[in-house]
1. I need the chymotrypsin sites (Phe, Trp or Tyr not before Pro) found in the range 286-367, filtered to DSSP loop residues with at most 13 other beta carbons within 10 Å of theirs.
2. Can you give me the distance in nm between label points at residue 424 and residue 369, each placed 7 Å from the Cα along the Cα-to-Cβ direction?
3. For the range 295-480, calculate the relative contact order in percent as a whole number, restricting contacts to Cα pairs under 8 Å that are 6 or more residues apart.
4. Please say if the range 392-530 is rounded, prolate or oblate, where rounded means a/c under 1.5 for a ≥ b ≥ c the square roots of the C-alpha gyration tensor eigenvalues, and otherwise the choice is prolate for a/b larger than b/c and oblate otherwise?
5. Report the FRET efficiency, 1/(1 + (r/R0)^6), for residue 210 and residue 275, where r is their Cβ-Cβ distance and R0 is 25 Å, rounded to 0.05.
6. Name the residues of the range 352-367 whose amide N is less than 16 Å from a point 7 angstrom out from the Cα of residue 379 along the C-beta direction?
7. Multiply the residue gap between residue 80 and residue 196 by 0.36 nm, knock off their C-alpha separation, and tell me the result in nm, one decimal place.
8. For the pair residue 187 and residue 304, how long in nm is the line joining their label points, each one 7 Å along Cα→Cβ?
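No lab work stands behind these numbers, since they all come straight from the coordinates. What you see is a predicted model; the values in this text were computed from it and never measured. Cβ sites come from the backbone with ideal geometry, for glycine too, and all protein chains shown count toward neighbours.
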Amino acid sequence: MKRDTNGGRRDQGAAREARSARTARARRGTGARPSSEGAARKLSDWPAPANAAGRPPPAGSLVILLADGARPDTLAAALDDGTLPALARLRADGALHTIASAFPSVTGPASAPFLMGRYPGPVGLPGIRWFDRARSAASFPHFARSYVGAELRHVDRDLDPDAPTLFELARPAIGALSMIRRGLSPRARIGAGASFALRAAATHFAGDVDGWLRIDREAGAEVARRVRRERPRVAFASLLGIDKASHAAGHDAPAVRAAMRVVDETAAEIRADAERDGRWERMHLWVVSDHGHSRVCAHEDLADLLRAWGHRTLAHPWVYHLRPPDVAVMVSGNAMAHVYLELGHRERPWWGMLRDRWEPLAEALLARDAVDLVLLPHAANRCEVRARGRGSAMVERRGAGAGTTRYAYRPLTGDPLGLGGELDADARAAYDAAWAGDYPDSLVQIAHLAGAPRSGDVILSAARDWDFRTRYEPIPHVSSHGALHREHMLVPLLLDRPPNGTPRRTVDVMPSALRALGLPVPPGLDGEAFL
Ligand SMILES: [Zn+2]
C-alpha cells in the first residue's frame, strides 16, 4: 500500500509541475504546445461549419467516459507502457490530473458529482445502500434502499428534484450504463432496457468479469456509433469493467488492463470518427473515474457483528423482519458504512441525543481492527471524527455554495485526519490542507456527507486491508473502495486540452462541462469550473 500511496503523491507532484510549467508558458504567451491541439484553442476560435443536415452546429460537443474504479497511478502506468495508445495521445494533447472524488467513494453516489456538480449526500445519495428514516422514498415495511439490484430504477426519483443534471442542461444527450439518467429520453439511455437489466443481473450474480468486459465493449461501440450518427451535445458513458476486474483480482491485475483497453478503444473510435468528418476540433473528450481501489485481506461483516452484540439488525439482502429492528447497517463499496440507530425517529436524532445509550457501541466499533474512522454527526453542519490512537476532532461547515462555504477543523483530543492542527478554511484551502495526507479532501467530504438528511448516525470508514461485508458478493472481493483513504479518494481526470484553471474535485467536472459547451452554469453547485 505504501508504494501505491507514494506513487499517487509523485503522480500529483508531476501533475502540479506540469501545471505550473503550462501556466508559465501561457503567461509568456507561447501556448502550451506548439501543435494545433494546444491550450490556445478556445470555443470562440473554432470555425462553425454547417453539419450534415445543413443546420448550424452546436457550440461544441462533449464526450465523458467514466472509467469506473480506475486509479490514477494504475492508469498512468498503463499510459506509460503503451497499453493505451488513444488515451496516451489524449494526454499528450491535453493533461492528466489527479483529483479528489467524493465520499462515499462508490459508484452511483460518486458519479453524482460528474452529472450534477454536487456532493452525493445532500443530493440524496448518501451511499449505494441507505436507510430511509423519513419514510419518504423507500417502501414499507423495511424502508431500506439498495441500488444493487432492482431498486436501481429509483435513483432518479431519489435525487433532489431541484438539482439539474447535465443531461437536462445540455441537450441532446445520450448516456450509457449510467446510474443517474434523469433528463435522458428512453431512446437516449444505452443499456437501460429490461433485456439489458436481465443480462446485467445475470452477469452480476454469476460474478462474470469477462461478461462485464463484453458489456463494456458493446456499450462503448454503441456510444461511438450513436455519437457518430446523432451528434449529441453530451455523451456520458460508464464503463464498469475496471471496477469489476479490480474487485475480483486487484487494481493491478491483467484483467484490469484488459478493461482499460476497452476504454481506450472506445476513445479511439470516437476520435477517429470525429477527425474523419471534421468534428474533432469542436469536440471535448474527457476520461474520468469515480473512485479508486485497494486490496482487502480480511472482511468484517458489520451486520453479523452487530447481531452478535445483541442488536436486531436490518441489513441487505435480508431486510424483512417480524419484530422491528433497532439498528440498520448500510454498507457501500464495501469499505464504508452508514449505521442507523433508533430507527423509529423520522428525523435525525444527532449524536447529542444518542450518546448516552450508544457511546459504548461507538467505542466498541472504534476498537475493531476493521474500523479506521468513526464519524458521529452532532448536527447538520457539525461532525465529530474519531480515529483509534489518534484522538478526536470536530469538523464544521458554515455557509453554502462553492465560493462562500467555510470549513473548520477543531482538534478535541488529537488530530484524527492528520491535518496538522486547527483549521478554518474555504473550499480551496481545505482541499490544499488535506491533499498530501492520508485523507484527501476529507474535511470537505465529511462536512457534506455527515449532515445529509439520509446519512447514518454513525458513519464508518474502513481500515486499510479491510472491508465490511463477508457474504452475498457474487465476486469475492480481494479489493474494495468506499473509504476516505487516498487509495480510494484519488481519481484520474484526463482532458484532451490543457485546462486554464486547476481541476481539484470531481464536482468541478460538471460546471466545466457546461463551460466547454458554452452553456450557463446554474447557481448552487458545489464545484468550480476549471475552464
Ligand atoms: Zn466497486
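1. Working: sites: 286, 309, 318, 320, 340, 350, 351, 358; in loops: 309, 320.
Answer by residue number: 309, 320.
2. About 4.3 nm separates the two model spin labels.
3. Answer for the range 295-480 is 30 percent.
4. oblate
5. 0.20
6. Counting only backbone N, you get 352-354.
7. Numbers: separation 116, 0.36 × 116 = 41.76 nm, distance 3.51 nm.
Going from the current span to full extension adds 38.3 nm.
8. So the label points at residue 187 and residue 304 sit 5.1 nm apart.
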